[in-house]
Amino acid sequence: MTLNRSLASVNTPEAVIPPAIVQTPITPVGAVTDSKLKRLLHFLLRWETLLVIAILAIAGAAHGINMFHFPYFEDDEGTYLSQAWAVVNQGRLAYYTYWYDHAPVGWFQIALWTLLTGGSHTFGSPLYSGRVLMLIMQIGATWMLYAIARKISGNVLIALVVALLFALSPYGIYYHRRVLLDNITTFTMLLSILLLVSKRLSLKRVWLSALAFSIAVLSKEITVFITPALLYLVFSQTDKSHRWLATLGWAVLFASLVSLYPLMAIINNELFPSGTWLGGNAPHVSLLQGVLYQASRGHDGGILNPNSEFWIMTRYWLQDDPVLVFFGTCAAILSVLLIKKYRVVGIMGLCSLCFWLYFLHGGEVIVFYLVPLLPLLALNLGLVLGILAENMGNFLQRVFSLQAKFARVLQSAIFLLCLMAIVIPLYSPAFNLGYRSSDVGDRNNPFIDWNGTQADAQMMAIQWVEEHIPANSRIVIDQSMWPDLHDSGHKYVHYYWKVETDPAIRNAIFHNNWRNIDYVVTSPQMTIDAKESDMRLVQSIIDHSTIIVSFDTGGWPMRVRKVNK
């Protein structure tokens with residue numbers, strides 16, 4: 001500083017000042033220059049980028065390897081692929097009568113995927129094409145979950161663990177492969193949350209979040225139950241200067257976009273049921289009737305009834321993924337209790353509890369309802385373990401007077417030890433849990449996700465029908481077979497639920513008479529549904545038929561039967 005003052009006080013021409021003094025800034029000893037900071041930052045960002053790529057590669061391998069062979073193809077997969085086919089090829093919302101069971105935006109995205117990839121047979125079977133889309137969405141969901149955890153915690157290790165807990169979930173690998181609306185809604189739900197956890201939340205992000213969440217709800221309605229938690233997140237994250245504008249704007253934009261669904265029903269005169277004052281007397285489907293039907297399904301005592309759908313599914317979920325279902329839920333409850341100090345962490349816990357509250361209501365709870373909750377449980381567990389490790393590390397740092405660097409290492413060690421104490425005992429061979437669960441895996445083969453061939457029997461049955469049964473035959477099938485058989489020229493194949501319940505199929509085509517069917521291809525699901533749901537026509541078709549060929553490559557037998565007229 002003395003040198004600077006003396007130079008400034010002397011009226012000396014610039015030319016006589018020594019060049020070394022003019023060009024070299026005086027930097028305190030040990031200080032880091034801006035260029036060094038930039039290089040260091042660039043290195044860290046590049047290192048984290050490589051880490052994220054590795055995480056996504058793990059997620060892609062876990063879900064992609066053998067996904068065409070295991071698990072078996074669900075009816076719902078064929079349903080959504082056939083509806084996407086109808087959108088692309090017929091300009092209709094569904095191949096069969098659309099009855100407002102779900103909003104159509106989910107299969108709009110499948111239809112868009114088929115258009116972008118050159119058709120539904122680009123990857124072979126349309127079922128394969130759908131599962132490739134699910135793989136891409138799963139990788140994207142894993143990345144978004146990493147980014148959400150990273151932004152909330154500011155810790156790479158926590159984000160890494162959260163992403164891997166989600167990507168390697170035994171339940172998740174089983175259900176994330178399937179073409180389900182629940183997987184599609186999870187992708188856009190996470191996108192909406194990611195847009196809101198930015199430290200500097202702009203109004204543009206708020207509007208995009210509302211758009212993403214409206215797409216999520218119009219893909220699968222179950223995500224609507226976390227709306228209050230997301231509104232709270234918008235309110236808490238935005239600046240005070242425009243907080244109310246952002247919150248009300250998010251709500252109005254979301255409500256406006258979702259209202260397009262009932263508006264569509266109003267335009268088609270399908271909002272109110274037939275036979276009502278506003279619905280008229282002409283027979284038609286109805287949005288309100290569809291909503292009431294979905295709301296009335298499986299009514300039981302909920303949490304108060306130990307044999308309710310809620311408890312049955314909870315026991316399944318605890319067996320399939322005890323780490324996320326039990327410990328993730330405990331973490332969600334704890335995070336809500338800590339919401340005053342850790343606001344965003346607590347709101348993520350609220351999102352999880354909103355789903356649980358819906359499950360408790362005493363209606364039907366389907367096994368894959370856990371799909372959109374799963375990433376939130378992984379997030380809850382990682383964030384809460386991070387908070388516990390941080391507080392324990394700070395306590396030990398004060399007690400033992402540790403340096404900050406050692407304290408950070410200690411916190412990471414505590415975090416990993418807590419996680420190992422949870423994960424390792426539950427996934428040991430002594431328990432029928434996780435990859436060894438009878439629901440999503442195999443006790444004797446924990447690697448069945450990657451070497452099972454369960455779905456091959458279905459593809460073999462499809463190929464046999466295409467090669468040996470005339471295209472003009474009337475066949476009752478599992479809906480998973482519909483996309484392939486219909487595209488191969490078999491125009492008279494029909495889903496067994498529609499044969500039983502849809503008057504346009506049961507009465508107009510088959511005249512409610514089993515003798516008007518030529519073949520039936522049975523799956524375990526069809527035979528169970530025919531008995532448990534008292535399907536008289538379908539059961540008559542099965543009873544009056546003879547097996548001509550059967551396929552079984554791993555516990556999901558398919559039998560082609562000829563009807564004895």
Please identify the pairs in which a residue from the stretch 549-561 that is surrounded by 19 or more Cβ atoms within 10 Å (Cβ to Cβ) has its Cβ atom under 6 Å from the Cβ atom of a residue that is among the acidic types (Asp, Glu), counting only partners at least 6 apart or on another chain.
Thr553/Asp456
Read through the list (1) closer than 29 Å to Met313 by Cβ; (2) in contact (Cβ under 8 Å) with a residue 12 or more places away in the chain; (3) out of contact with any Cys (no Cβ under 9 Å at 6 or more places or on another chain), then give the number of the only condition that Ala147 fails.
(1)
I'm trying to understand the selection: among the residues of the stretch 118-133, which are more than 13 Å from Ile65 (Cα to Cα) and either acidic (Asp, Glu) or assigned to a helix (DSSP H, G or I) (or both)?
Pro126, Leu127, Ser129, Gly130, Leu133
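Matching residues to (1) closer than 22 Å to Ala455 by Cβ; (2) not hydrophobic (A, V, I, L, M, F, W, C):
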position: Ser153; (1), (2): no, yes
position: Ala159; (1), (2): no, no
position: Leu165; (1), (2): no, no
position: Ser169; (1), (2): yes, yes
position: Gly172; (1), (2): yes, yes
position: Val179; (1), (2): yes, no
position: Asp182; (1), (2): yes, yes
Can you name every residue in the stretch 226-249 that is crowded, with 19+ Cβ neighbours inside 10 Å and under 30 Å from Tyr98 (Cβ atoms)?
Ile226, Leu230
Among the residues of the stretch 267-312, how many are farther than 19 Å from Phe355 by Cβ, in a loop (DSSP other than H, G, I, E, B) and within 25 Å of the chain's Cα centre (by Cα)?
0
Residues of the stretch 270-299 that turn out to be within 22 Å of Ile222 (Cβ to Cβ) and either of a type in the set (Phe, Trp, Tyr) or surrounded by fewer than 18 Cβ atoms within 10 Å (Cβ to Cβ) (or both), as a count:
11
Kindly provide the set of residues from the stretch 94-119 that are of a type in the set (S, T, N, Q) and modelled with pLDDT of 95 or more, ordered by number.
Gln109, Thr114, Thr117
Run Thr188 past the list (1) within 22 Å of the chain's Cα centre (by Cα); (2) farther than 22 Å from Ala149 by Cβ; (3) among the β-branched types (Val, Ile, Thr) and report the number of the one that doesn't hold.
(2)
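The values are calculated or read from the model by the stated rules, or taken from the named source; none is laboratory data. Keep in mind the model is a prediction, meaning the values are calculated, not measured. Neighbour counts are summed over all protein chains in view; Cβ atoms, including those assigned to glycine, are modelled from backbone coordinates with ideal geometry.
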